[in-house]
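The values are calculated or read from the model by the stated rules, or taken from the named source; none is laboratory data. Just so it is clear, the model here is predicted, and its values are computed rather than measured. Cβ coordinates were reconstructed from backbone atoms using ideal geometry, including for glycine residues, and neighbour counts include every protein chain displayed. Heavy atoms of the whole protein, side chains included, go into the accessibility calculation; ligands, DNA and RNA do not. Shrake-Rupley method; radii C 1.70, N 1.55, O 1.52, S 1.80 Å.
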Amino acid sequence: MTEKLDEKEQQKAQDKPVAGPPQDLKDMAELVSLCKRRGFVFPSSEIYGGINACWDYGPLGIELKRNVKERWWRAMTDRDDVEGLDAAILMHPRVWEASGHVEGFVDPLVDCKKCRNRFRADKLDPAVIAAKKCPECAGELTEPRLFNLMFKTHMGPVEESAAVVYLRPETAQGIYVNFLNVQQSMRQRLPFGIAQIGKAFRNEITPGNFIFRTREFEQMEMQYFVKPGSDMDWFEKWKQTRMQWHLDNGIRKEKLRFHEHGPGELAHYAKAAFDIEYEFPFGWQELEGIHNRSDFDLGRHEKFSGKKLEYFDEAAKERYLPYIVETSAGCDRSLLVALADAYRFDGERTWLSLHPVLAPYKVAVYPLMKKPDLLEYADKVFGELKKRFRATTDETGSIGKRYRRQDEIGTPFGVTIDYDTLTNHTVTIRHRDSMVQERISAENLTRYIEEKFEKWNG
Ligand code: GAP
């Protein structure tokens, strides 16, 4: 059988490196294809031709996403000064007037009367707008029109304007309107934060780059309520804490940077803002925003609801409206960064060098052949490993091919059960990134993997 394979296939079957040094992801199309092929992300409603900028997470994608969310949730709510929340997506429509989204969450759009392409006027060259000439076909452009990015729907059976509600464009507002509920029910004192993970919806004009900008996405937002005057200190602390979180996900340091918002870039609510940016194949782009929102949000909600949202500081016998420091990360975007950063290709082998805390499976078990005694032993090993790690098995194809399949989905370790295992109870453990193989006692497997994960350094 092996003789029939060409040289490259033979090397593959024997799990030998065949090509040059690992290269990073160059083209998003490679990642999109891997994600589809290996069950991470599928185009939404694919059998109907798909729907623009909507994606479905497959079995491995959802594991990876859950790992991202779990890490974020633990990093936030394991702290004594942060509480969790899960607010409704549909909120009172006045919320979005107070937040500024009804009035201000708009993009100016121009349409080409000839080719029907639509552009964001603020992204076009001012000369193009002045000449009203389409950059694609030189056809005539319409006047800019303001387009609100919120999705509207109706509550109840009557489709009238009084029943209009919005799909939330950010999770933050659910936190602001619950500020006193959480503070009082949990007897929290300032400074403290509220963390929430949830879906958000934006009718983006220019979605794209796979799951980078979509119309339905998940945010992981934390709003930290502080005494005015201490806001810039907390802003600095949270900037560093959030950067460290991304580094602890195994993202390479040189691919991350801060970008400070200049006066022209600051959102209407922000006193100061930094983005954490990642260098994607399509350039440096925002991954997370850290904002000093001052007392803008609570002040607006007081005004629009007519309810006091002040905090009473018992010790100082003072009453005041807290300032808010926000950390706002995209869940899908963090997942995309994890995948893009982990992608490696050496000319022949593709692997995801995912940090074990994010990898969908931590270990795979392979019986060398489909022989009853090997299968039985493998089953026993799998059962033991499963007690401690998310694990998988693969019994089909050459051992090299099985390794490669797991490499492509980022499984850090592979364990092979062969005939020696049956006599001396040792197994081969293979490392995903280096392809190094070691022979260790089957009994020590769990401890061995635990130790490697504890000391993981990429
Ligand atoms: N509450 C503040 C806020 O929503 P934002 O900068 O508009 O701020 C925060 O969004 C994060 O949410 C972004 O850094 C990004 O990771 C994610 N995000 C925003 N729009 C997105 C979209 N259309 N698709 C995917 N993720 C998005």
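Taking (1) touching a strand residue (DSSP E or B) at 6+ places or on another chain (Cβ under 7 Å); (2) open to solvent by less than 30 Å² (accessible area, probe 1.4 Å); (3) hydrophobic (A, V, I, L, M, F, W, C) in turn, L375 satisfies each apart from (2). Quick check: is even one residue across the stretch 378-395 farther than 24 Å from E63 by Cβ and not in a helix (DSSP H, G or I)? Checking the stretch 378-395: not a single residue is farther than 24 Å from E63 by Cβ and not in a helix (DSSP H, G or I).
Test G299 against the criterion of being open to solvent by 10 Å² or more (accessible area, probe 1.4 Å) and either within 30 Å of K455 (Cβ to Cβ) or modelled with pLDDT under 95 (or both), and give yes or no. No; evaluated as a whole, the condition is false for this residue. Among the helices (runs of 4 or more DSSP H) contained in the stretch 125-218, which hold 1 or more residues that are away from the ligand (no atom under 16 Å from the Cβ) and either among the aromatic types (F, W, Y) or farther than 30 Å from E286 by Cα (or both)? The qualifying helices (runs of 4 or more DSSP H) are 126-131, 179-185. Could you grab me the full set of residues in the stretch 213-235 that are touching a helix residue (DSSP H, G or I) at 6+ places or on another chain (Cβ under 6 Å) and hydrophobic (A, V, I, L, M, F, W, C)? If the condition is that a residue be touching a helix residue (DSSP H, G or I) at 6+ places or on another chain (Cβ under 6 Å) and hydrophobic (A, V, I, L, M, F, W, C), then F217, M220, M222, V226 are the ones that fit. Remark: pairs (first residue in the stretch 274-294, near the ligand (Cβ under 8 Å from one of its atoms); second residue at pLDDT 95 or above and among the β-branched types (V, I, T); Cβ separation under 6 Å; 6+ apart in sequence or on different chains) = L287/I276; L287/V337; E288/I276. The number of residues in the stretch 346-362 that are outside any loop (DSSP other than H, G, I, E, B) and either crowded, with 23+ Cβ neighbours inside 10 Å or basic (K, R) (or both) comes to 1. Restricting attention to the stretch 67-110, the residues that are assigned to a strand (DSSP E or B) and surrounded by fewer than 16 Cβ atoms within 10 Å (Cβ to Cβ) total 3. Given the structure, is W234 closer than 30 Å to R319 by Cα, away from the ligand (no atom under 12 Å from the Cβ) and open to solvent by less than 30 Å² (accessible area, probe 1.4 Å)? Considered against the rule, which asks whether it is closer than 30 Å to R319 by Cα, away from the ligand (no atom under 12 Å from the Cβ) and open to solvent by less than 30 Å² (accessible area, probe 1.4 Å), W234 comes out as no. Pairs only if they're at least six apart or on different chains, beta carbon under 6 angstrom, first in the stretch 102-130 and touching a residue at least 24 places away in the same chain (Cβ under 8 Å), second assigned to a helix (DSSP H, G or I); list them, first residue then second. Pairs found: V102/W96; P108/A121; P108/D122; V110/A121. Inspect all residues belonging to the stretch 157-177 and state whether any of them is among the acidic types (D, E), at negative phi and free of Cβ contacts under 8 Å to residues at least 12 places away in the same chain. So far as the stretch 157-177 goes, yes, one or more of its residues are among the acidic types (D, E), at negative phi and free of Cβ contacts under 8 Å to residues at least 12 places away in the same chain.
Which residues, counting only those in the stretch 326-345, are more than 12 Å from the ligand (Cβ to nearest atom) and open to solvent by less than 10 Å² (accessible area, probe 1.4 Å)? Scanning the stretch 326-345 gives A338, L339, A340, D341, A342.
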